[in-house]
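In what follows, a single structure is set out as structure tokens and then discussed.
Read the figures in this text as sums done on the coordinates, not as results from a lab. The structure presented is a predicted model; accordingly, all values stated were derived computationally and were not measured. Neighbour counts are summed over all protein chains in view; Cβ atoms, including those assigned to glycine, are modelled from backbone coordinates with ideal geometry.
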Amino acid sequence: MKKAFRIVAAVSLIVMLTGCGFLDSYMITPPEDTAQELFESGKESMTDKNYSDAVGFFTKLKDRYPFSPYTPSAELALGDAFFMDEKYEQAADAYMEFEALHPRHEEIPYVLYQIGVSRYKSFSSIDKPLRHVNEAMEYFNRVKENYPDTRYAKEADAYIAGCRQYMADHELYVADFYWRTKEYRAAWLRYQAIADEFKDLPEVRTYSLKRSKLSYMRFQKGSSEAVREKEQGSWKNWFEWL
């Protein structure tokens, strides 16, 4: 009798706990956030400058709900989150993915511009290869050619000028290296090429022309001395033979 009573009591307790939702919290998986909830959480994180959290929300949204109407906005916002977090490589990748998926989207002028800025900001030093600078120039020129009436086309001008300066500084770095190592022929040719290529940068052109002349003079002097030493050496050898 007592055993039956305990069983009835236990069953009653389980029913009561179930009715209160106690077991649900432990045994039933909570529903996933909707696409809208993930998007709103991501935007809130952006407002609070919690960019890594925003990346997480936007990534979940596009992975879980690839066909949601919120997904394109999340894909674009993902690039913005990386950009604001100064992770420019990831930002460029996200923007480029957006362009590939939505080539006719109304935000494409902005996306192309942001790819250019991201690549521009990824460039670290003039002694490094110019791949990022060249890519930045490509995207800025695309904005100007395809969307000339947008604000991004106008803002691209300053970055194009910056890219040109980076390119010139890189070339000068190489030419100056030849000068310092007394490779005057290589320095002369490099400085002359810089003067021809960067006529839009007066200071660079003036410096390059001056260095080009000096390099040429030292190259000619070195060549003359080498010839003279060779000739003198041959006469000396002839006299020694006598």
Exercise. HN-Hα J couplings of the stretch 67-75 from phi, Karplus 6.51/-1.76/1.60, θ = phi - 60°, integer Hz, Gly and Pro as x?
Worked result: 10, 6, x, 7, 5, x, 5, 5, 5
Exercise. Does the stretch 49-185 come out rounded, prolate or oblate by the C-alpha gyration tensor, with a ≥ b ≥ c the root eigenvalues, rounded set by a/c under 1.5 and, if not, prolate when a/b is larger than b/c and oblate if not?
Worked result: prolate
Problem set entry | In Hz, Karplus ³J(HN,Hα) per residue of the stretch 127-140 (6.51, -1.76, 1.60; θ = phi - 60°; x = Gly, Pro) | 8, 9, x, 9, 4, 5, 5, 5, 5, 4, 4, 4, 6, 5
Exercise. Any idea which of S68, F82, H102 is furthest toward the positive side of the dipole for the stretch 34-102, if Lys and Arg beta-carbons carry +1 and Asp and Glu beta-carbons -1?
Worked result: S68
Problem set entry | Phi to ³J(HN,Hα) by Karplus 6.51 cos²θ - 1.76 cosθ + 1.60 over the stretch 179-185, Hz, x for Gly, Pro | 4, 5, 8, 6, 8, 5, 5
For this session: Please give the peptides 192-199, 161-168 ranked by average Cβ packing (other Cβ atoms within 10 Å per residue), highest first, as a rough proxy for protection.
Result: 161-168, 192-199
Problem set entry | Reachable aspartates and glutamates from K210, criterion Cα separation under 19 angstrom, eight or more residues apart if same chain | D169, E171, D176, E183, D196, E197, D200
For this session: Check the straight Cα-Cα distances from K43 and name the aspartates and glutamates below 13 Å, setting aside those fewer than 8 residues away within the same chain.
Result: D53, E75, D80
Problem set entry | Stokes-Einstein D in µm²/s, Kirkwood radius over Cα pairs - the stretch 34-102 at 37 °C with 0.692 mPa s viscosity | 286
Exercise. With a sphere of radius 15 Å drawn around the Cβ of Y65, what net charge do the other residues whose Cβ falls strictly inside it have (Lys, Arg +1; Asp, Glu -1)?
Worked result: -3
